[in-house]
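Participant: Here you go, one structure.
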Amino acid sequence: MLEFFDVLFLILIVSTGAILGNEFSIGFLIHPALSGAEGERFLPAIQVFARLFGKIMPFWMAGTSLFHLVLLVVTWSWPSISTVALLLATLLWIIVIIFSVVGPVPINNRVKAWDIRNLPADWRAQRQRWDQLNAIRVVMIVAAFVALVESYRTLG
């Protein structure tokens, strides 16, 4: 039978893994597919994603961060490998959020507001910069996810 801490960890692992899958698929599958030679033609679709995830991700990422913090508090057992791994995952998650707010989010907000008939001269460069920043974010989320899973694995 699953214990209370197991359930908390599994909820957090699923949420973190889903965000990782989302960011990976957007950055490495959807954006490259929509940004080919005729990328301008697909900007309306990219704007749909930007609007959708611009509404969802702040709550999802903040909730996941808060859940990391709550789980860290309720499972705190210093010095424990599980606690150290969860502390690392939590710190990485906070860094992911700060990085997102400073890097990809402002670009995403500009993309949402673009007039397709009057794009900025550097629109392709901005899209490429978002993709680069998102790739960095995905790597950080992978590290946070691995630390989280390791924390759960060593719990007990």
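Participant: For the stretch 91-121, give me each residue that is β-branched (Val, Ile, Thr) and within 21 Å of Thr64 (Cβ to Cβ).
Facilitator: Ile94, Ile95, Val96, Ile97, Ile98, Val101, Val102, Val105
Participant: Starting from the stretch 127-147, take each residue that is at pLDDT 95 or above and list its partners that are surrounded by fewer than 18 Cβ atoms within 10 Å (Cβ to Cβ) and not in a helix (DSSP H, G or I), counting only C-beta distances under 6 angstrom and pairs at least six apart or across chains.
Facilitator: Filtered contacts from the stretch 127-147: Leu133/Gly103.
Participant: Something else: Among the residues of the stretch 107-128, count how many are under 14 Å from Pro58 (Cα atoms) and surrounded by 14 or more Cβ atoms within 10 Å (Cβ to Cβ).
Facilitator: 1
Participant: Sticking with this structure for a sec: Can you find, within the stretch 61-93, the residue that is nearest to Val138 (Cα to Cα) among those that are crowded, with 17+ Cβ neighbours inside 10 Å and aromatic (Phe, Trp, Tyr)?
Facilitator: If we take residues in the stretch 61-93 being crowded, with 17+ Cβ neighbours inside 10 Å and aromatic (Phe, Trp, Tyr), then Trp93 is nearest to Val138 (Cα to Cα).
Participant: Further question on the same structure: Given the conditions (1) surrounded by fewer than 18 Cβ atoms within 10 Å (Cβ to Cβ); (2) under 11 Å from the mean Cα position of the chain (by Cα); (3) small (Gly, Ala, Ser), which single one is not true for Ala144?
Facilitator: The one condition Ala144 does not meet is (1).
The values are calculated or read from the model by the stated rules, or taken from the named source; none is laboratory data. In this text the structure is predicted, and so the values were computed from the model without any measurement. Methodologically, a virtual Cβ is constructed for each residue, glycine included, from the backbone with ideal geometry; neighbour enumeration extends over all protein chains shown.
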